[in-house]
Structures are given as C-alpha cells and as structure tokens.
Amino acid sequence: TYDYIIVGAGAAGAVVAARLSEDPRISVLLVEAGISNEGIVPATIPLLSLSLTPNTILDWNFTTTPQPGLNNRAISYPRGRVLGGSTSVNYMVYMRGSAEDFDRYASVTGDSGWNWKNMQQYAKKNEKLVAPADSHNMTGEYIPSLHSTSGAISVSLSGNPTPLDSRVIATTQEFSSEFPFNPDLVGGNILGIGWAFASIDNGTRSSSATGYLSPAYGRPNLDIVINAQATKLEETGNFGTIPSFRRVLVAENAGARHEIILSSGAFGTPALLQLSGIGDSTELRAVGVAPVVHNPSVGKNMSDHALLPNVWNVNNPDTYDSIFRNPDLFNASMAQWINNRTGAFASNIANQIGWMRLPESASIFRTVPDPAAGPNSSHFEMIFGNFWLNPTTPAPPAGNFMSITIALISPTSRGSVQISSSNPFIKPLVDPKFLSTNFDIFTLVESVKISKRFLTAKAWKGYVRSGVGELETVKTDAEIEAYVRKVTNTIWHPVGTAMMSAKGASYGVVDPDLKVKGVDGLRVIDGSVLPFVPNAHTQGPIYLIAERGADLIKKDF
Ligand code: FAD
C-alpha cells in the first residue's frame, strides 16, 4: 500500500510523482503503461521528434472515428506511451497560455487559485530558461523578467538559424498592424508574432521524464513501474454515501491509503473512469460496464487545436527537407549534433510562431459570439516551419519548402472519448468532431487568406515560388473550404474530457481541487481537466496545472 498511486507518467503524472515524493514521509507509486525513455536516442534529438510518431512503439496509435468535417477521414492520433508521456515524443514548443486562459479557468470553476497571477508561482517551478544551442545573443527575442531560471524543465530559444528568421521578422515590421511583433510569447500576452521557445537543453529534449523524474529516481519513497497499463479502478468502500476508489488494477492490485491520481491524459483518463463505472450510466451499460457513479460529462467536452498544413515551394536549398532527404547531409547534421549538440538537429520545428485574431469586423461575429478566452487571446496560430511541415503527407522526393501551419486555437467544436467495450485493451473511440461548426471552418478559411497576405511582404519576393497543390489555386471561400476539409488534421492538443467545474455545478468531472465529483479517493491531474483548450501548445499549461495539483494534494496530506 502506498499513500498515493499515480496512473500515467506524462506531463502531469511525472510532476505530481516528483513533487509528492519530495516529502520523505509520503510514499508514491507511479504506474506507466509504456516503456522507459532512457536510451531512445531519437527522442533526445529535437529535430527527429518528427520520427517518433505516429505508429511507433512510443505511441498509443489512436485513430479517430471518421470525421464528417474532414470529408469522413479517420486520422491517426498519436499519444506518448513512454516515461514522460507525450512530452517524450512531442515537438517541444513551450508556452504558458494567455493570461485570459487562466483567468477564465478561475472564473468557470469559482476558484481564484487558477488565475494567471496565482499560477505564476508554478510557472516559476516549471521553467528553467537556458541558453540556446547555438549560444546566440538573445537580445530582442525575449523579455528576461518574464522568465524563470530555477524550474524543472529547461527551456530555450531557437538553437539553429534558418532563412525564414529575418524574413518573418521583416514582415512583422512591414505589416506591423496586421502582424505585429510580440517581444515575448511566454509572458501571458500572446498576440502577435515572436520567437518561439522550446523545451530544449543544450540541443537535447527536456521532458517530464528528464526534468522531473530523473532527479527523483533515487528516492526510497518513490516506486515507478513501467510496461504496466492500469485497467480498472476498484471500489473499496464508502465515505458517507459516496463510493471510495482506492485500489487500481495493474498486473496485480495496488492500494492507496490516501488517493489515486489519474494522470493518463485526455484519452486514457476518461477511458479508465468509464471502465471503472464512472460515466454516463446508459452508455456504460450499453458496453457491458456496471455503472457506479452516473456522470454524463466523463469523456465529453473534448476540445483540440485542429491543424491546417499550408506548404509553399521555396527558392532555397537551405531547408530541412534537404537534410531529411539526402543521407550525406543527414549524416553531417547527425555528426555535428553528436559532436557538440548544435546544428539543425538541435532545433525543433519552428523558430517563430504567431498568435492571431480574426478582424473584429469578421462576418462570423454577426452570428457567433467570440469564443476566445478574451480580447487578448487568439483565434488561430501561425507556425513558420523551414520545411515541409505536414505530419500526415510525406514530403515529395524533390523540392524545398516552407510552411505556415495553422492551429485553430479557439475552436467551438466539441468531441468525445468513449469506451466501446469493457475490455481495457480495446482503445476508446476518439471523436474530436473537427470542423463541425461554422466558426471553426470560417476561421481556417480566413487563416489561408491571411497567410497568403503575409507572404506578399517584400521579404518573400524571390523566396516563395508557389503554394503546394490546391493551396496555390484556391480563390473563392468555397474552394478554400474544400481545400481545408481535405487537408486539416490535428496538432495533438486534446483537453477537457474530465473537465473541472465549480463545486456543485450540474456538469463537469472534477471540482476545482481536481477531486472527482461524487467519488472519494480519486483526483484527475492532466490535460483532461482543462475546460477550454488554451492559447498555447499544451505541455506548458499542463505542467502548471500539475504543479498546483501536487500542491493541493500536499496541503491535504
Ligand atoms: P500525456 O503526456 O500524454 O501522459 C499520459 C501518460 O499516461 C502517458 O505516459 C501514457 O502512456 C500513460 N497512460 C495512459 N493510460 C494509462 C493507463 N491506463 N495505465 C498506465 N499509464 C497510462 N505540446 C507542446 O506544448 N508543444 C509541442 O510542441 C507539442 N507537440 C506535440 C506533438 C505530438 C506528436 C504530441 C502527441 C503531442 C504534442 N504536444 C505538444 C502536446 C503535449 O505533449 C501534451 O498536451 C501533454 O504531454 C499532455 O500531458 P498529459 O499529462 O495530459 O498526458
């Protein structure tokens, strides 16, 4: 028996395990379905993150249900299955979200502890700003006072210059009203285009496994079991009238004196709750699971950033495509990385990203209320990649490319995660319902026009040749919509499937203290609890949520 059992060693689970086991009086078991991250060399080399998923041993290999909004395509949906979870396979972009994201979490849950101001103490515990791999002078690329240098996850600015850098920045100067420069994207004011941070330390991936678990390995009060998929939470008694769940089935039973913490991610957590009888009673009975607690919100409210890969041919051989395609260049980059952890391999997918709003006059706002977290939050993101950044379609055998990959940041579509069997080894049905609303399709259609406008700046003259495929030819809204539905995918930021809500609310899965409603002994700490997908690549906000979650548990101990 342990004081706490944590299910899942991803972004959140590793934080909770490391923070709880800091107190030698607290005994902790961390259970992870996947393998160890140690010795997996491509998972340490930033640019090779593209090779880690989909369909590898490090990936749960989910596939969505056919998506009507995407012409009925069923798309592959990676999730990390390894110590560090998705932070061991992700693309490492690092942000915290907009201040308004956290202020909205505080207002919908009635807990001011989730507001931006209060959460900065946890940002401090999470971020450790370090020098970029190429040790370049960072002046003008960030605001030092907005960063922490004492946290667990190493974070740095881009470590390898690309031909896009000066062009993107020049465009923010030429078109400063539509595409303003943002001097620091981590500090909560996210609008505009700026230099991207990544969880990279000395040219090497920093994950929740390297940043939080590694330093905790020697602790006698922390046990970590890998290759161990939890299959069910078991009822162990009652607390008053509500059922207690303090046992989890792994290979054998493991019991917790205090609590079981579900950190299995936005797909794993709702699935485990449903397998254990916590969910919509009718839906559970239909798949042969005896309901214990009726809660129709479990697995619902999934929101995610849809991804639209826009790729252009460029007139420059110095793009990552050349390295991926040419074994001599690949080997030279690898040798440079092995030698001193610099060069293209030390860098992740993008040196600049931008956070954009639709114009206030956009016609969609005549019929749809603005879904953004507030006036200083975005509707879509632009990711500037020095290569063919389209995770679902391999690059052609020739040519050099740049990408303005769009992420839909304030979607109004909501999807679900639902078990289809009482067998825990059958994957749940993942249905993001991508592009199922007018707002979502409108925003992506506009983002194509806006991206094309971006490339009319002088800096791109002679550099950009033409859009790849239909991107070049589409003109009318109907044509652009057809293109969008054909190529849109996901940037893998699902949240909300065990959302937090105010105490006593008629919906939601966890209270603001992250305890599962109507149940004793269970908390959820991972991306599932976020009621809205934030203005960020999601690892940063989830790290912050987990830091506070660990604090809440420690206060109750
Ligand atoms: P995860 O990190 O996914 O962890 C869940 C853990 O639980 C996993 O280790 C899993 O194996 C384990 N688990 C699940 N079920 C069970 C079970 N039944 N028993 C035991 N263990 C279980 N975010 C960014 O900020 N920047 C990026 O650039 C970025 N790129 C991404 C690229 C890809 C390909 C992917 C997949 C994600 C990316 N993300 C990125 C998203 C980010 O990594 C996730 O949002 C974040 O890691 C989610 O944290 P989590 O703790 O909720 O879940």
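The values are calculated or read from the model by the stated rules, or taken from the named source; none is laboratory data. Everything numeric in this text was worked out from a predicted model, so none of it was measured. Glycine gets a Cβ as well: all are built from the backbone with ideal geometry, and neighbour counts include every protein chain shown. Areas reflect the complete protein model, heavy atoms only, side chains present, ligands, DNA and RNA absent. Shrake-Rupley method; radii C 1.70, N 1.55, O 1.52, S 1.80 Å.
Checking the conditions here, which among Val484, Val509, Val474 is over 25 Å from Arg104 (Cβ atoms) and surrounded by 24 or more Cβ atoms within 10 Å (Cβ to Cβ)? Before the answer, list the steps.
Numbers: Val509 fails: over 25 Å from Arg104 (Cβ atoms); Val474 fails: surrounded by 24 or more Cβ atoms within 10 Å (Cβ to Cβ).
Result: Val484 is the single residue among Val484, Val509, Val474 that is over 25 Å from Arg104 (Cβ atoms) and surrounded by 24 or more Cβ atoms within 10 Å (Cβ to Cβ).
Can you tell which of Ala17, Ala106, Ala11 is near the ligand (Cβ under 10 Å from one of its atoms) and open to solvent by less than 50 Å² (accessible area, probe 1.4 Å)?
Ala11
Take the residues in the stretch 50-93 that are among the hydrophobic types (A, V, I, L, M, F, W, C) and within 29 Å of Ile193 (Cβ to Cβ), then tell me which one is farthest from the ligand (Cβ to nearest atom).
Only one residue tops the list, namely Leu70.
Within the stretch 456-557, which helices (runs of 4 or more DSSP H) (wholly inside it) include 1 or more residues that are farther than 20 Å from Asn118 by Cα and among the charged types (D, E, K, R)?
Those helices (runs of 4 or more DSSP H) span 470-473, 477-487.
Can Ser166 be described as assigned to a loop (DSSP other than H, G, I, E, B), surrounded by fewer than 19 Cβ atoms within 10 Å (Cβ to Cβ) and more than 16 Å from the ligand (Cβ to nearest atom)? Quick ask: steps written out before the conclusion?
Numbers: assigned to a loop (DSSP other than H, G, I, E, B): no; surrounded by fewer than 19 Cβ atoms within 10 Å (Cβ to Cβ): yes; more than 16 Å from the ligand (Cβ to nearest atom): yes.
When the stated conditions are applied, Ser166 does not pass them.
Consider Ser377 carefully, then state whether it is in contact (Cβ under 8 Å) with a residue 24 or more places away in the chain and not basic (Lys, Arg).
yes
For the stretch 94-103, name all the residues that are among the hydrophobic types (A, V, I, L, M, F, W, C) and either open to solvent by 10 Å² or more (accessible area, probe 1.4 Å) or away from the ligand (no atom under 16 Å from the Cβ) (or both).
Hit for the stretch 94-103 is Ala99, nothing else.
For the stretch 524-549, name all the residues that are touching a Phe, Trp or Tyr at 6+ places or on another chain (Cβ under 9 Å), open to solvent by less than 10 Å² (accessible area, probe 1.4 Å) and over 20 Å from Ser107 (Cβ atoms).
Residues satisfying the conditions are Gly540, Tyr543, Ala546, Glu547.
Listed residues Ser416, Ser377; which is open to solvent by less than 30 Å² (accessible area, probe 1.4 Å), closer than 22 Å to Met499 by Cβ, touching a helix residue (DSSP H, G or I) at 6+ places or on another chain (Cβ under 9 Å) and assigned to a strand (DSSP E or B)?
Details: Ser377 fails: assigned to a strand (DSSP E or B).
So the residue among Ser416, Ser377 that is open to solvent by less than 30 Å² (accessible area, probe 1.4 Å), closer than 22 Å to Met499 by Cβ, touching a helix residue (DSSP H, G or I) at 6+ places or on another chain (Cβ under 9 Å) and assigned to a strand (DSSP E or B) is Ser416.
Let's see how each residue does on (1) open to solvent by less than 10 Å² (accessible area, probe 1.4 Å); (2) part of a helix (DSSP H, G or I); (3) touching a residue at least 40 places away in the same chain (Cβ under 8 Å); (4) not small (Gly, Ala, Ser):
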position	(1), (2), (3), (4)
Asn37	no, no, yes, yes
Pro42	no, yes, no, yes
Leu47	yes, yes, yes, yes
Ile57	no, no, no, yes
Thr63	no, no, yes, yes
Thr87	yes, yes, yes, yes
Asn90	no, no, yes, yes
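Among the candidates Gly268, Gly277, which residue alone is at pLDDT 95 or above, open to solvent by less than 10 Å² (accessible area, probe 1.4 Å) and within 16 Å of the ligand (Cβ to nearest atom)?
Just one listed residue meets the conditions, Gly277.
Working carefully through the options Gly504, Gly527, Gly518, Gly496, find the one that is over 22 Å from the mean Cα position of the chain (by Cα), under 30 Å from Asp556 (Cβ atoms) and either within 16 Å of the ligand (Cβ to nearest atom) or without any contact (Cβ under 8 Å) to a residue 24 or more places away in the chain (or both).
Working: Gly527 fails: over 22 Å from the mean Cα position of the chain (by Cα); Gly518 fails: either within 16 Å of the ligand (Cβ to nearest atom) or without any contact (Cβ under 8 Å) to a residue 24 or more places away in the chain (or both); Gly496 fails: over 22 Å from the mean Cα position of the chain (by Cα).
Every option except Gly504 fails the conditions.
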